[in-house]
C-alpha cells in the first residue's frame, strides 16, 4: 500500500469547499488559542535565550515573532513562534497525544506574511496539515510515544510539511517528496520534558516541515515511500505501525474535531479540581476568609504527579494541586499569572493552600474531581466534576477562548491590538491577507 | 553512569597539546579530502535545488559555500557544505559505518570564518568532535544502523555539537546541554538512500549540531542525561546500547586513526577490483586494444550490489563492476569524471566493458578482488588484491589525496586556488585564521 503517495494525493486534491463549516470554525478557535499562547510566552526566558542564540544568523525581515518587535526570515519565524506557543504547555491538544497547532500554524503564518496568503487558504492548509500530522501520529500511537518519542515533534513535522506544501502549491510528486523530507527529519525525545527542549520540538517541527516543503518545491528529492517502507518512519520509529489509519475515511472524519483547549495553565489532571473550585466560588460568592477547609477526592494519578504541598516557584505551583485549588478559590482563575513565582509566595494564597487536603479515589477519572468545601459558617459545599471544562464533552466556548486569550496577552499587547487579533481570528476566512494577524500581534515591550 | 555529563567534561577539558601528532595530521588529511568532495559537488543538481529553496531565507554573509560565490549565515553554510561533501559519497569513512568529516567540518569552518578561529583550534575541535560522534555511534552500532537509521546523520549531530561547542568555549554544563539538544534533533532514515535526502543528513547534522552549541552557549537547557536516560538517544533509537564505549579509553585511542579515504568514486565493494586493474594497467602499460578478456573473482556481495551489465547513466555506472573495471583499465582512474553519463556511453568504454566477466567466490572478502586479464598476445596477467587502496591496511598516501583533490576541483577552482587550498590544508595548524581555507575555496563558475 503506497501510503505516502496516497496521502500526498489527498493533500494536493483537497479543496477549501470540501471542509465542513464546523471544522473551519475549529481552525479559527485553534488560531486564537495558539496565537495567545505564543504571544503570552514571547518574553519567556526560553525565547530570550533562543533569540540571543539565533538572531545573528537570521535572514531578511519577512515575518514577525508574535508578541515581539523582531522580524526575521520565515524559517526562523516558524521556529521561534513554534517554540513560544508550547512554552506554557497551554496550547491545544488532540484527544490522543499530539499538540496540533504548534507545529503547523507557525509555518503557515510565516508563509502568509511572506507570500500574502488569504485567510481562507490559511485555514484550509491548516486543516489539511492537522489531518496529516494526526493521522501519521495515530498510525504509530501509543507505542511510538511510549518508547520515548515526543509525538508533537515527530509527527508534527508532517503537518507542517503538508500544510506549507499546500500553500506553496506543490504537485503530487513534490508533496510526496515533502512528506519524505519531513520523515527523515522527524525527531524529538520525551527525555527533554522539563527542559527548554520540550518546546524546541514543535518549533523545529514547524521549521523543518516548512523547509521540507520549500525543498520539495525546488525538486529536492526524497524516497517516495518514506512513511511505509521497511526503513521508513513507521517501522524504524515504532514497534507498531498501522498505515491504514493514515488514509481511512479521508474527508469524512476530521481530526481537528477532536481538538481540545486547556482553560487552566497547568497539567491535565488538575483541570477538574480547578474547574470545580471556580464553579463553587462563583455560585456561592466565596471569599478566602469564609473557607475553613477544602477536601479533594481525586484520581491516584493526581497525587502521583501534583502532590507538591509547599511549592516555592511558579513552575512548582503547576505541580501542586493544593496551589491550584487555592488560586481557583481565591481568584476564580488559574492562568499563567496564577502560576507566577509571586502568586505562589503570596501569603494569602499560602494560607488558603494549607487548608486543602487530598484523598485518592480509584473510582475517579484522571481529569475528574470531587470537591468538598467546609465554610466557617458551618455550611458544606460539594461539586463533582465529571467532565472538566476543556474536555471534548464540555469544550471551552468561544467566549472562554477569548477570555483565555486576553489573560495571556495582558501586558504584552495593547487593548486595541488584543481586540484586533481576536477580530482577525474569528473572521480569518474573510481576510485577504492572513499575514495581518502576525502584524497585529507584533509588539514592543509596553 | 552519567555518560552525557562525563563526555561533556572530557570534551571541555581536552587541550590541543593532548592530541598526538599523527592524529592531528589525520585531521589535515580529512580536511583536504572533505573540502575536495564539497567543492567537487558544489554545482551538482542537489546543491542547485537546495540553494534555490533556501537562499531567499539566508542571513548575513558570514561564511562561504565551498566551490561557489555565495556567502550566507553560518547555519546555512554548515547545511550546504555538509550536503555537498556527501553528494558523491566520496567522503571519508570510519572503519565502522559513520562518515566522520561531513557533519563536523562544515560547522567548524563556518564558525572559523565568522569568529576568526586559528587552524590549530579548528583541528583540535575536529578531533574532539569526531571522537564524540564515533563513540556515540559505536554505542548503538550496528543494531541502530540495521534497523534503518543513517548513522552519519543520527550520530553526526553529536560530533558537530561537540566540535562547535568546543570552539565556542562552552563550559561543562553548557556542553551537556549541547549534547542534549543534539540528541533530540538526531534523525535521518536509510530509506532515503538513492535520493538527494541521503546527503541532506550530514548537512542537517552539521547545521543542527552547530545550532545546538549556539543555543547551549546562551543557556538554552536540555536534559543532562540525554544519551543514557530511559527515554534518551541510546534506548529510544537502538535495541542495543552500550554507554561504556562512549567514554572508555578517552585520550588513549582516537577514532580518527580508523579513518579511511576512498580513492575511487563508487561503492566500497568495487574498490579492490579497480585497484587491481589500475595496478596491472600501469605495470604492463596496457591499452584497451591489447585486452581480449577480463575475469574477476569477487565476493558474492559484489554481484548482489554492482552487477549492472549495461549501465546507461553515470549513477548506474557506479553500480556496475563491469564499467568500473573498464574505466580502470582504460584511463587508470576512477574518479567522478569516469562515472559521468558521457563516460558510461563512450563506445570505447562500452567495448572494453563487454569483455569483463565476473564470478562469485565466497573465499574473497568484500573489498578484495582477484583480477585475471588475458591479452591478445596470449599472455595472462593476474593480481590478487588483499587490501584495496584506501583501506586501513593500505591507506591512501598524502600524495594520493592531493591527486584526488585535484581531480575533484578541476574545472571549479583555478590551478592557483587549488594549490592554495592544498597548501592551507597541509599547513592548517600554522594558519592564524582557518577561515582562509573557505575563502580560498570560493569560486565563480569558470
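Under a plain spin-label model, where a point goes 7 Å from the Cα along Cα-to-Cβ, how far apart in nm are residue A:392 and residue B:289?
Label at residue A:392, label at residue B:289, 8.0 nm between them.
Could you calculate the contour length gain from residue B:331 to residue B:307, that is, 0.36 nm times the residue separation minus the distance between their Cα atoms, to one decimal place in nm?
Working it through step by step, the gained length comes to 6.5 nm.
Please state the Cα pair-distance histogram of the range B:268-385 with 10 angstrom bins from zero: what percent is in each bin?
Computed distribution, short to long bins: 16, 52, 30, 2.
What's the center-to-center distance, using Cα atoms, between the range A:276-343 and the range B:128-150 in Å?
47 Å
For residue A:1, place a label point 7 Å from Cα along the Cα-to-Cβ direction in every copy; what are the distances to the other copies, in nm, shortest first?
Values, ascending and in nm: 4.3.
Calculated from DSSP H runs of 4 or more alone, at -39500 (n - 2.57) each and per residue, what is the 222 nm mean residue ellipticity of the protein assembly as shown, nearest 500?
-15500 deg cm²/dmol
What whole number of Å gives the distance from the Cα centroid of the range B:153-196 to the Cα centroid of the range A:43-109?
Value for the Cα centre distance between the two parts: 22 Å.
Could you please rank B:233, A:88, placing first whichever residue has the fewest other Cβ atoms within 10 Å of its Cβ?
With the fewest neighbours first, B:233, A:88 line up as A:88, B:233.
Output the relative contact order of the range A:268-385, whole-number percent, from Cα pairs under 8 angstrom with separation of 6+ residues.
Relative contact order here is 41 percent.
Run through the other copies and list how far each one's label point is from that of residue A:69, in nm with one decimal, shortest first; the point sits 7 Å from Cα along Cα-Cβ.
Reported distances to equivalent positions: 3.7 nm.
Averaged over A:59-66, how many beta carbons belonging to a partner chain fall within 10 Å of each residue's beta carbon?
That works out to 2 on average.
Compute the whole-percent fraction of alpha carbon pairs in chain A spaced more than 37 Å apart.
Percentage above 37 Å: 25.
In nm, give the distance between the simple-model label positions of residue A:173 and residue B:55, each being 7 Å from the Cα along the Cα-to-Cβ direction.
Taking the simple label geometry, residue A:173 and residue B:55 are separated by 2.3 nm.
Under a GNM of chain A (C-alpha, springs under 10 Å), which listed residue has the highest mean-square fluctuation: A:158, A:241, A:331?
Among A:158, A:241, A:331, the largest mean-square fluctuation in the Gaussian network model of chain A belongs to A:331.
Let me know the shape class of the range A:206-263, please: from the alpha-carbon gyration tensor, a ≥ b ≥ c as square roots of the eigenvalues, rounded when a/c is under 1.5, otherwise prolate if a/b is greater than b/c, or oblate.
Verdict is oblate for the range A:206-263.
Report, largest value first, the span of the C-alpha coordinates of the range A:154-283 along each principal axis, in whole Å.
60, 37, 31
With each label point set 7 Å from Cα along the Cα-Cβ vector, what nm distance links residue A:239 and residue A:377?
Simple spin-label model gives 5.8 nm for this pair.
Quick one: A:398, A:275, B:295, fewest Cβ neighbours within 10 Å first, how do they rank?
By the 10 Å Cβ count, ascending: A:398, B:295, A:275.
State, to one decimal in nm and shortest first, how far the label point of residue B:289 sits from each corresponding label point in the other identical copies (label point: 7 angstrom along Cα-to-Cβ).
Label-point distances to the other copies, shortest first: 11.4 nm.
Using every pair of alpha-carbon atoms in the protein assembly as shown, split the distances into 20 Å bins beginning at 0 and state the percent of pairs per bin, rounded to integers.
With a bin width of 20 Å, the distribution comes to 15, 43, 29, 10, 2, 0.
Do you know the relative contact order of chain A, to the nearest whole percent, from alpha carbon pairs under 8 angstrom that are 6+ apart?
RCO, chain A: 21 percent.
No lab work stands behind these numbers, since they all come straight from the coordinates. From a predicted model like this one, the values you see are computed outputs, not experimental measurements. A quick note on method: Cβ atoms are made from the backbone with ideal geometry, for glycine too, and the neighbour counts reach across all protein chains shown.
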